[in-house]
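**Student:** So that we are looking at the same thing, I have put the structure below in structure tokens.
The values are calculated or read from the model by the stated rules, or taken from the named source; none is laboratory data. Since this is a predicted model, take the numbers as computed values, not measurements. Positions of Cβ are backbone-derived with ideal geometry, glycine not excepted, and every protein chain shown enters the neighbour counts. Note: accessible area is taken over every heavy atom of the protein model, side chains too, but ligands, DNA and RNA are not part of it. Shrake-Rupley method; radii C 1.70, N 1.55, O 1.52, S 1.80 Å.
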Amino acid sequence: MARHLYLVSDGTGVTVGTLGNALFSQFPSQDTHRETRRFVDTADKVRALAAEIGTAAAAGERPIVLASLVDPALRAVLAAAPCLFLDVTGTFIDALEREFGQPATRHVGRAHGVSDDIQYTRRMEAVNFSLVADDGLSPKQYDRADVILTGVSRSGKTPTCLYLAMQHGLFCANDPLTDDDLIGTGLPARLAKHRDKLVGLTLAPARLHHIRRERRAEGDYSRLERCEQEVQAAEVLFRREGIPVIDVTSLSVEEIAATILSRKRLMGVSA
């Protein structure tokens, strides 16, 4: 029977979701049933969830609850439920209150609020730029880019660009390598002039084959042989031109973005 995992937040669930993914990914062989509960911010909601946890516990092994709740009273209700209760917020806020000698605001959602208009504006501009400069649509915009991702079609360029824009306020463009690019003798002119901004993304042909089949099952586009040829040609191009490469086969978008930030020594607005 799958182990119940509850990710509980009094806000959007971004913090507890990110931490939960990092923690539970360390136990890949554990069969789990994961549920995220957002905006659990009243006594009624917490009591209802505690009752649900009790029902799940009675039906099998005790559930695991990873919670980010700023109200100590709400945390206490879940902690009393028949579960392994892992307290994200209290663990750190209580210790910081003791260290600083002052109480925390206990303001729900403050971590993800618009606390800095300049940072917010930068992120929105970056998202707009990434949409305009998506899929090689606006090479003339590359002068404004902080980073340009390139690689074969469906190698994760678009979601990574949008993540870097939304989370770090970076102007990211992505430019897919076409058949003509892959049989050429060097970088296409549109990319060669921005060599210092380039990052190549690659992945295992089998993984690319799987992704493309989900998008377009029929035709040459998703054939494994074509995937192998394109990946090999792209990697040869990257090596020949000295372009930094990230193998994204087993990486999440967050991990790809973090690697890009490190490789290119980029500092976003959230840094």
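**Student:** Counting just the residues of the range 1-49 that are assigned to a loop (DSSP other than H, G, I, E, B) and of a type in the set (Val, Ile, Thr), which one comes out surrounded by the fewest Cβ atoms within 10 Å (Cβ to Cβ)?
**Tutor:** The extreme case among them is Thr42.
**Student:** Which of the residues spanning the range 226-258 are of a type outside the set (D, E, K, R), open to solvent by 40 Å² or more (accessible area, probe 1.4 Å) and modelled with pLDDT under 95?
**Tutor:** Residues satisfying the conditions are Ser250, Leu251, Ser252, Val253, Ala258.
**Student:** Could you figure out which of (1) part of a loop (DSSP other than H, G, I, E, B); (2) surrounded by fewer than 23 Cβ atoms within 10 Å (Cβ to Cβ) isn't true of Gln167?
**Tutor:** (1)
**Student:** Also, quick follow-up: Could you tell me whether Lys197 is open to solvent by less than 50 Å² (accessible area, probe 1.4 Å) and either free of Cβ contacts under 8 Å to residues at least 40 places away in the same chain or within 28 Å of Gly17 (Cα to Cα) (or both)?
**Tutor:** When the stated conditions are applied, Lys197 does not pass them.
**Student:** Scan the range 116-131 residue by residue and report those that are among the β-branched types (Val, Ile, Thr) and out of contact with any helix residue (DSSP H, G or I) (no Cβ under 6 Å at 6 or more places or on another chain).
**Tutor:** Going through the range 116-131, the residues among the β-branched types (Val, Ile, Thr) turn out to be 118, 121, 127.
Within the range 116-131, Ile118, Thr121 meet the criteria.
**Student:** Could you tell me which of the residues Pro103, Pro82 is touching a residue at least 12 places away in the same chain (Cβ under 8 Å), over 29 Å from Gln167 (Cβ atoms) and not in a helix (DSSP H, G or I)?
**Tutor:** Result of the check over Pro103, Pro82: Pro82.
**Student:** For the range 104-153, give me the residue count where each residue is among the polar types (S, T, N, Q), at pLDDT 90 or above and open to solvent by 40 Å² or more (accessible area, probe 1.4 Å).
**Tutor:** Within the range 104-153, the first condition is being among the polar types (S, T, N, Q), and the residues that meet it are 105, 115, 119, 121, 128, 130, 138, 141, 150, 153.
Restricting the remaining residues to those that are at pLDDT 90 or above gives 128, 130, 138, 141, 150, 153.
With the extra rule that they be open to solvent by 40 Å² or more (accessible area, probe 1.4 Å), the set shrinks to 128, 141.
Number of matching residues: 2.
**Student:** Need pairs with beta-carbon distance below 7 Å; first residue in contact (Cβ under 8 Å) with a residue 60 or more places away in the chain and within the range 165-182, second among the charged types (D, E, K, R); sequence gap 6+ or separate chains.
**Tutor:** Partner pairs satisfying both residue conditions: Gly169/Arg122; Gly169/Arg123; Leu170/Asp146.
**Student:** Considering the range 245-260 alone, what residues qualify as being in a helix (DSSP H, G or I) and either closer than 22 Å to Leu177 by Cα or not hydrophobic (A, V, I, L, M, F, W, C) (or both)?
**Tutor:** Matches in the range 245-260: Val253, Glu254, Glu255, Ile256, Ala257, Thr259, Ile260.
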